[in-house]
Every structure is written in C-alpha cells, then in structure tokens.
There are 2 protein chains.
Amino acid sequence: MSGAKQLAMPENTIEQVELLTSVNDAHGGVIVNIEQPMDSGVFAPLLKASISEWRNQEKKGVWLKLPIEHANLIESAVKEGFRYHHAEPNYLMLVYWIPETADTLPANASHRVGIGAFVMNSTREVLVVQEKNGRFKGTGVWKFPTGVVDEGEDICAAAIREVKEETGIETEFVEVLAFRQSHKSYFSKSDLFFVCMLQPRSFDIQKQNLEIEAAQWMSVEDYIAQPFVQKQELFSSVAKICLAKSNKDYVGFSPYCSTTSSGKRSFLYFNNQDLKHIGASDKQQ
Amino acid sequence: MSGAKQLAMPENTIEQVELLTSVNDAHGGVIVNIEQPMDSGVFAPLLKASISEWRNQEKKGVWLKLPIEHANLIESAVKEGFRYHHAEPNYLMLVYWIPETADTLPANASHRVGIGAFVMNSTREVLVVQEKNGRFKGTGVWKFPTGVVDEGEDICAAAIREVKEETGIETEFVEVLAFRQSHKSYFSKSDLFFVCMLQPRSFDIQKQNLEIEAAQWMSVEDYIAQPFVQKQELFSSVAKICLAKSNKDYVGFSPYCSTTSSGKRSFLYFNNQDLKHIGASDKQQ
C-alpha cells in the first residue's frame, strides 16, 4: 500500500479518536456510506464514537448506507440504536435520530404503481389478454393488458411499454381515464392503479409467451358482457368509463411534460379539454 | 436424465434433517418468518438444508422475514445467496430465487405520494401557509398546504388531515384536479403529487407551530401574482387549473368508494360529471 498516512502524534497532544467518514445532508443530519470492508469489531467502537461526536455537533438524523457485502455490520448498528429505513436489492439504509425531539425523517416509499391499458381499434374492438399466472390464471377471463410502473418510469411510458411487451401492439398514449388507490395489496404497501387509454398504431398481435396465454381483439360489448366484469363493481365502473370514452362522452387527464429550471422533467396530468377554455391551450403538447 | 430419484440411504434409517418452518405462498414459493431468537451458527446450516429441500420440491421464490431483533442472522442469509427485497423500521425482508429461470418476484414499493390542497372560501380567498423548513423556508412564498400520504391512507383523507393539521381548518374533499409524477426526488424513488380541491367547513385559522411559520386566507389573484408561482411552470399550470375550477370551468376526478366481494374498500377517482351522461350517476357517492 502506498500513500503512507501520517498519524505521528506529538507528545502531549490530545488523543485523536478516529471517526467514520460522513457528509452533511441538507436537513442538519449526516450521511455515512460504508464502501470498504470492515470488521464489525472495528466498526462498532467507531460508530459509537462518531454518534457521540455528531451529538456534540447537534446533528439530527444519521443515515447509514450499508451495501449488501457489508451485511456483517448491521447487527452492530442495530445494537447502537439504528433502525431500518429502506432496502433495495443491494443495500440497506439504516437511520438514527439524535435529538430528543420527535423524529422528522421522511417515510419510506409507500405505494406501488400499476397501469391497465384500454386500447380500442376503429371497429370498436378492445385489445385483451389472458394471463398465465396470477388471480386470473385458468379462468378464461379476458382482461386489459396490465403491468407495474417501474421506479423512475413515466406512467404514460409504462402503459405503452406493457402493451407492446404483452401483445406486440404499438400505441400512442391518450389519457388517464381514472385511477384507483387500494391498500395492503402487498405486505403493508398501498397501490395506485391508473386506467389509461391508448390509441393503437399497429394491429397484428404478437403475444409474449412467458406471461400471456392468449391475446386478441374483442368487441367491446363482448368484453363488458363477461360475468367477471359485470360482477365486480370496480371492473364494471371502469368498463362504463371506457365505453363513455369510446363514445367521446368522457374526458380524462392528459399528460403535459414540464421541465423545471434545474432541467428536471416531469409530467402533469390534468383535464386538458376544460383548461383550453381559459386560453391555456397554447401551452399544451 | 431419467425420472426416478434415488436417495441412497443406509438401510433402516431415515435421516431427519431439521428444516426452517415455512408456509407456501400463492405463487409457488415459500415464506419464512423468524420469530424466535436463534444463533447464527444454528441458523446457517438450517437455512442451507431448507433451500436444498425447497429446491427438491421445485419451489420458486423464498421470502425470509427477519425482525430487527434478529439482525444477527442477516449475514448468513446473504452468504447463502439471499438479496434484500425491502425493509420497514422493524424488519428486513430478504428473497432468494431458486429456479434457473428469470426472477419474477414483485418489485419493492416505488413511489412516495403527496398532496397539495386548494381550499377556497366564498370570497375567493385561498388557504395558504409559509413553511418553517424545506425549500421554501425564509422565502416569503405563500403556498398551498401540502403533505405526505401515509401508507394505508386514502388520498382524500390525507388531504383533509393535512389541511386540518397545518391550519386547523375543517374541509370536505371535492376532487383531484391534477397530478404530477416526478422521479429521483428521494433516493431512487419516484413521486406522485395530487393537487386536490377541498371545500372549507370552518374559517378560523389555528396554525400548527412545529412546521408552519404563518397561515392565512389570501385572495386568489394575490396568490397567483407571486413571482414564484409565475416563474415556475408547474406552479403556474396548477394555478390556472385552480382558477378554472374556481370559475366552475374545470372538472377533475371525484372519489367513488367501492367495496370488493371480499370486503376490501378502495377509492376509484374519475370524471364523475362526464360519466353522469351515461346513467351511472345513481352509483356515485
């Protein structure tokens, strides 16, 4: 190892206690990111001394990010009073709140987001699939293509992607027609499901084999007549909305891409048709 | 490879290998919930033997839930090939995918959800606050009350709660006027922010002291005239939508409470006004 570190201490100086490397965050706290392997017997006293120092500095929250290869250090952090904040496949984030006052650390992500795609062709047929897995497996129920919106993915992009993946059909995003919020669908997490209308741009179905048993264009009346759609209030409400939309009797929320001063893009979804009346139509995409 | 499996066993003995207690999930996998303290030296061979047995049984995903008090077992699980799935303050969920095929385990929660509340009284004044912390601290900007939707909390309930907490004002939920999806707002997570309209049911402001510097009723024109609102495209778009709504020129999505056959409640948000035209108005709340 090169780069000899000079720790030669002159006699009579105050003993320097080694601390964990940390950076300050924007809320009066510190962030520690352990990147090098460390023995837990070395880590534990370092962490204890560091907390003591941060307490003297009146720091608030401590964020400790432990990559999965340093799982050996978790137990020491928990013994020191850390709790879990969130985890991703390859790391665990732990937190420790130093002040006596109530913890104001932000909550973990709380929702999963999904889409269902209403895709209708010019002869009033809707694009439907039968799934190989899940609750509809083997039921013969024809349903809209659905899927999960990935972290970092726009809802409108996810709808286009899922339709393409499951059926091979190219589409253009039109509107969010409705959304449903439900709870405890998945561990303790909540769920937001967006019903999206898309316009088909191709018509030959190439179904995906891994998840999809069958895919077809089906008359919207046949889709709605399915006992499952009739019986389940949520499905029948969504079917009514789609039918109204297909008759041009319904306006949903259209996406409008906006860029902040710092260059960050985001989509605002709103009733674009109504807003045209107040002269904002020139700003819509 | 032919079918018959031969397990060479000494005659007259059936070796009993102790395994972890597991329950089957609905997707061909197993769930292990460690509830009793265990030494990691005991746990590691048990886990190894259990995986081997699950592999023989052609199980797919293994979910291992470790309460924080059993943090001592994480390292063994990681060494055995587990990765993190998600964490909550008091537990870590690890997963292991047994088959050779691609992992189809569901993703972790991906979004945080927030609300902004547009509350206008009969003299066209909007309820606004100045915050003690965050990006608007000390800027003099008056903004709508905002807040985070808790896990398990309905968007409409969260909007009512936040307005009450920050200003003491009682409200009734009317509509979601628009929503914005943005990314990487918080670690790698995405963000969904719902702009909600609420009708005030009380008028005397009792501001909360911890987070709120000031709260008042302000003419909607003065709110919109703020340089910050004018300059930021997202804020000016939202202001236009709110203004259109206050002039009754805009329809958003209203919540409709639906209950599944299994008794699970959820809210569907949609353009209720348009749907009335197709005779569904009797079903709205």
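Quick look at the numbers
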item: Given (1) free of Cβ contacts under 8 Å to residues at least 12 places away in the same chain; (2) under 15 Å from A:Leu92 (Cα atoms), number of the condition B:Ser52 does not satisfy; result: (2)
item: Filtered residue count, the range B:172-203, keeping only those that are among the acidic types (Asp, Glu) and modelled with pLDDT under 95; result: 1
item: Flag for B:Ile169 being part of a loop (DSSP other than H, G, I, E, B) and within 20 Å of B:Cys242 (Cα to Cα); result: yes
item: Residue check, A:Asn56 of a type outside the set (A, V, I, L, M, F, W, C), over 18 Å from A:Glu100 (Cβ atoms), open to solvent by 10 Å² or more (accessible area, probe 1.4 Å) and out of contact with any Gly (no Cβ under 9 Å at 6 or more places or on another chain); result: no
item: Test: residue in the range B:144-154 that is among the hydrophobic types (A, V, I, L, M, F, W, C), open to solvent by 20 Å² or more (accessible area, probe 1.4 Å), part of a strand (DSSP E or B) and within 14 Å of chain A (Cβ to nearest Cβ); result: yes
item: Boolean, A:Asn108 is within 9 Å of chain B (Cβ to nearest Cβ), more than 28 Å from the chain's Cα centre (by Cα) and of a type outside the set (Val, Ile, Thr); result: no
item: Helices (runs of 4 or more DSSP H) contained entirely in the range B:172-285, each with at least 1 residues that are open to solvent by less than 30 Å² (accessible area, probe 1.4 Å) and in the same structural domain as B:Val126 (by the TED database); result: B:220-225, B:227-231, B:233-246
item: Residues (in contact (Cβ under 8 Å) with a residue 60 or more places away in the chain and more than 8 Å from every other protein chain (Cβ to nearest Cβ)) located in the range A:168-194; result: A:Phe173, A:Val174, A:Glu175, A:Val176, A:Ser185, A:Asp191, A:Phe193, A:Phe194
item: Odd one out for A:Tyr84, checked against (1) within 26 Å of A:Glu151 (Cα to Cα); (2) part of a helix (DSSP H, G or I); result: (2)
item: Enumeration of residues in the range A:76-90 that are open to solvent by 30 Å² or more (accessible area, probe 1.4 Å) and within 9 Å of another protein chain (Cβ to nearest Cβ); result: A:Val78, A:Lys79, A:Arg83, A:Pro89, A:Asn90
item: Selection count where residues are open to solvent by 10 Å² or more (accessible area, probe 1.4 Å) and in a strand (DSSP E or B), scope the range B:115-131; result: 4
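To keep it simple, each residue is scored yes or no on (1) surrounded by 12 or more Cβ atoms within 10 Å (Cβ to Cβ); (2) at pLDDT 95 or above.
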residue	(1), (2)
B:Gly3	no, no
B:Glu11	no, no
B:Gln16	no, no
B:Gly29	yes, no
B:Ile74	yes, yes
B:Ile98	yes, yes
B:Thr104	yes, no
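The values are calculated or read from the model by the stated rules, or taken from the named source; none is laboratory data. Computed from a predicted structure; not experimentally measured. For neighbour counting, all protein chains shown are included, and Cβ atoms are generated from backbone atoms with ideal geometry for every residue, glycine included. Note: areas computed on protein heavy atoms with side chains; ligands, DNA, RNA excluded. Shrake-Rupley method; radii C 1.70, N 1.55, O 1.52, S 1.80 Å.
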